[in-house]
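Colleague: Handing you this structure, nothing more for now.
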Amino acid sequence: MRLGICVGMVAEDPEKIGFPRIAEAAELGFDYAELPLAQVMQLTQNAFKKMLRAVDMPCLCMNNFFPASVRLTGPEANEATALNYVARALDRAAELGAVTVVFGSGGARNIPDGFSHDLAIEQLIRMLSLFAPLAKERGITLVIEPLNRMESNIINSLGEGIMLARSVNHPSVACLVDFFHAGLAGDPCAFIREAGSLLRHVHIARTFGRSMPVYADEDAYQPFFSALHTAGYDMTISLEASAAGGFSKQAKHALTLLRSLWNGAN
C-alpha cells in the first residue's frame with residue numbers, strides 16, 4: 001500500500017495546483033503526490049514543461065479531472081468537446097507519471113434541472129466508454145468517485161459507482177471510495193467488499209470539516225481500514241484533506257496515524 005497526498009487541497013499558489021507542496025510532501029515521507037488535473041490543464045505549455053522538470057516526487061494519481069465547463073450530462077453535453085479535452089488532459093497526466101485519474105468532477109457531471117436521471121446515466125456510460133480506450137493507451141485507469149449529495153446529484157455511493165463501472169465494462173474504468181463522501185452518506189464501509197477488484201483508489205479525510213485526521217478514535221477509520229483489508233485492497237490511499245494552519249505538522253501527524261491504522265488492520 002502507498003500513501004499519497006492531494007496537494008490541491010492544501011494549495012497556496014495562484015494556480016491552486018499545490019505544486020510547492022510536493023517537495024514538502026516528499027520530505028514528510030509521503031509516497032506520491034496527487035495533483036488536480038483541471039488546474040494543471042490551465043497551465044500554458046511552457047509553464048507545464050517547467051513544472052514537469054521541477055517535479056521531484058512520483059505523481060501517481062490526479063484528481064479534479066474535468067472543469068465544470070466541460071459538460072458530460074444534459075443537453076449541452078458534447079462528445080467531441082469532451083474527447084478533445086480528455087486526450088489532452090490524459091497526455092499531461094501521463095507525462096507526470098500518473099496511473100490513476102479520478103472521475104469526480106461534480107460540476108461537469110451534475111444533471112441539469114429537468115433532465116432525466118436515466119438519460120444522464122446513459123450519457124456517462126457512453127462518455128466513459130469513449131474515454132476508456134484513451135486511458136488504456138496511456139496506461140491510466142479512470143476511477144469513478146462517488147460524491148456526497150451536496151456536491152453532486154448523480155453517483156453518490158460506491159454501489160452506484162460499481163454499477164456504472166460494470167456498465168462501461170472496460171479494464172481501464174474502475175472505482176474509488178472516499179471516506180469523507182461515504183461518511184457523509186452514513187457508512188464509509190458500504191459496498192467495499194462488493195467492489196472487489198473494481199476498487200482501485202482511496203481518498204481519506206476526517207468527515208468533520210474534511211480536515212486532516214488527528215485521532216484514531218475520532219471517526220470510523222478502524223472499521224474502514226479493516227474493510228479495505230478484508231476486501232484485499234492494497235493499492236494507493238491519498239490524504240485529501242484541508243490543513244488550516246501548520247500544513248507540515250498536521251500532514252506528518254496524519255501520515256503517521258494512517259500508517260498505524262493500516263498496519264493495525266492488517
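Colleague: Any chance segment 43-53 includes a residue that's farther than 26 Å from residue 157 by Cα, buried (at least 17 other Cβ atoms within 10 Å of the Cβ) and not basic (Lys, Arg)?
Modeller: Yes.
Colleague: Next question. Regarding residue 218, is this residue surrounded by fewer than 20 Cβ atoms within 10 Å (Cβ to Cβ), acidic (Asp, Glu), within 15 Å of residue 261 (Cβ to Cβ) and modelled with pLDDT of 95 or more?
Modeller: yes
Colleague: Considering only residues that are within 14 Å of residue 100 (Cα to Cα) and over 14 Å from the mean Cα position of the chain (by Cα), which ones fall in segment 60-86?
Modeller: The answer is 86, and nothing else.
Colleague: So which of 48, 30, 66, 103 ends up being within 25 Å of residue 244 (Cα to Cα) and touching a residue at least 24 places away in the same chain (Cβ under 8 Å)?
Modeller: 30
Colleague: So which of 88, 109 is buried (at least 20 other Cβ atoms within 10 Å of the Cβ) and not small (Gly, Ala, Ser)?
Modeller: None of the other options fit; the residue is 109.
Colleague: Can we say residue 48 is more than 22 Å from residue 139 (Cα to Cα) and among the aromatic types (Phe, Trp, Tyr)?
Modeller: no
Colleague: Read through the list (1) at pLDDT 95 or above; (2) closer than 20 Å to residue 22 by Cα, then give the number of the only condition that residue 244 fails.
Modeller: (1)
Colleague: Exactly one condition in (1) within 17 Å of the chain's Cα centre (by Cα); (2) farther than 25 Å from residue 254 by Cβ is not met by residue 113; state its number.
Modeller: Of the numbered conditions (1) within 17 Å of the chain's Cα centre (by Cα); (2) farther than 25 Å from residue 254 by Cβ, the odd one out for residue 113 is (1).
Colleague: A follow-up question, please. Could you say which residue among 19, 30 is surrounded by 14 or more Cβ atoms within 10 Å (Cβ to Cβ) and either at pLDDT below 95 or in contact with a Pro (Cβ under 7 Å, 6 or more places away or on another chain) (or both)?
Modeller: Within the list 19, 30, the selection yields 19.
Colleague: Here's a check for you: in segment 165-187, which residue that is in contact with a helix residue (DSSP H, G or I) (Cβ under 6 Å, 6 or more places away or on another chain) and over 17 Å from residue 235 (Cβ atoms) is surrounded by the most Cβ atoms within 10 Å (Cβ to Cβ)?
Modeller: 168
Colleague: Before we move on, is residue 145 in contact (Cβ under 8 Å) with a residue 12 or more places away in the chain and touching a Leu at 6+ places or on another chain (Cβ under 9 Å)?
Modeller: yes
Colleague: Look at segment 228-266 and say how many of its residues are without any contact (Cβ under 8 Å) to a residue 40 or more places away in the chain, in a loop (DSSP other than H, G, I, E, B) and either among the hydroxyl-bearing types (Ser, Thr, Tyr) or under 16 Å from residue 25 (Cβ atoms) (or both).
Modeller: 1
Colleague: Determine if segment 118-138 includes at least one residue that is under 26 Å from residue 226 (Cβ atoms), free of Cβ contacts under 8 Å to residues at least 24 places away in the same chain and loosely packed, with under 15 Cβ neighbours inside 10 Å.
Modeller: Scanning segment 118-138 turns up no residue that is under 26 Å from residue 226 (Cβ atoms), free of Cβ contacts under 8 Å to residues at least 24 places away in the same chain and loosely packed, with under 15 Cβ neighbours inside 10 Å.
The values are calculated or read from the model by the stated rules, or taken from the named source; none is laboratory data. No experiment lies behind these values; they were computed from the predicted model shown. So basically every Cβ, Gly included, is an ideal-geometry build from the backbone, and we count neighbours across all protein chains shown.
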